[in-house]
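Scroll down for the structure; my scribbles are underneath it.
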Amino acid sequence: MASLVTAALVSVLLAGVASAHGRGDERRLLTYRVKLTNLTHGQPFSPPVAATHNGGVHEFRMGRLATDQLAAIAQDGDPGPMSALLSGSPHVTRAVNVGRPLTPAGSVAGGFSDSVTFTIQAREGDRFSIATMLICTNAGFTGLDSVKLPDEGHATYWLNAYDAGREQNTERSVDIVDPCSALGPVTLAGDPNGNRDAAVATVPAQVIQPHPGIHGGGDLSPSLHDWTDPVAKVTITLVSDNDD
């Protein structure tokens, strides 16, 4: 299945975009610098989607069913639906489609590296969320859901891997997005061969839970593609206070 992350690997990606909401909010507007680092040696990440928002907004919730927008990230590495959802919400201060994938730890591919840094604005009291696909999985992802932003200095968060509960973990090349070969540790047999979402759909869908990891039942290799948590690190630094 074609996806935005696939297109990202064959052309230069657009810069991240941001949307502002909550006009009339008199809380101070703060600027944060966010650095996301991939800690795995076998899992590239799709272009992340991040947001600052009030406490009622969630990109995902452990033990709950994944939204279609979260599933688009976890199954296809597609940030578009989540970015559009967050950008259209009056409860979101800023939504950022980071616009570039991350390579496995210590590697570079096609101009992409294992970390990305971006800025995002927030109102006092806002929370922060981010989500990105573990590309060499069927429906694995990592992220943060509605965590506290630092009032000063910086805060560091360690991210675990989750299963969105939308696909069977076949670990077969035909059921995994092609950028696994382009950015991952090895080229999978048959790539490029698309991604058969419908053919391996989990019926009924399961709730979001910790990802079981790579077991080697298909084309993925436990020695090359598996991981131990945490899979990523996020450092959020308060840069400045701003007036509208």
| note | Counting only residues that are more than 27 Å from residue 181 (Cβ to Cβ) and aliphatic (A, V, I, L, M), the range 62-84 contains a total of 3
| Which of the residues that make up the range 38-84 are closer than 29 Å to residue 222 by Cα and open to solvent by 20 Å² or more (accessible area, probe 1.4 Å)? | 39, 41, 61, 62, 63, 64, 65, 67, 68, 69, 75, 78
| query | Could you list, in sequence order, the residues of the range 90-110 that are closer than 13 Å to residue 182 by Cβ and hydroxyl-bearing (Ser, Thr, Tyr)? | reply | 103, 107
| Which ones in the range 158-187 are open to solvent by 40 Å² or more (accessible area, probe 1.4 Å) and touching a Leu at 6+ places or on another chain (Cβ under 7 Å)? | 182, 185, 186
| said: residue 87 - would you say it is under 27 Å from residue 182 (Cβ atoms) and either among the polar types (S, T, N, Q) or crowded, with 22+ Cβ neighbours inside 10 Å (or both)? | reply: no
| said: Residue under question is residue 190, and the condition is that it be of a type in the set (Gly, Ala, Ser), without any contact (Cβ under 8 Å) to a residue 40 or more places away in the chain, part of a loop (DSSP other than H, G, I, E, B) and open to solvent by 30 Å² or more (accessible area, probe 1.4 Å); does it hold? | reply: yes
| said: What pairs come out if I take residues in the range 218-236 that are over 17 Å from residue 133 (Cβ atoms) and pair them with residues that are assigned to a loop (DSSP other than H, G, I, E, B) and among the basic types (Lys, Arg) whose C-beta lies under 8 Å away, six or more apart or interchain? | reply: 218/172; 219/172
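The values are calculated or read from the model by the stated rules, or taken from the named source; none is laboratory data. Not measured: the values here are computed from a predicted model. Heads up, the Cβs are rebuilt from the backbone with ideal geometry, glycines too, and the neighbour counts pull from every protein chain shown. The protein model used for the area step is the full one, side chains on, heavy atoms only, and it has no ligands, DNA or RNA in it. Shrake-Rupley method; radii C 1.70, N 1.55, O 1.52, S 1.80 Å.
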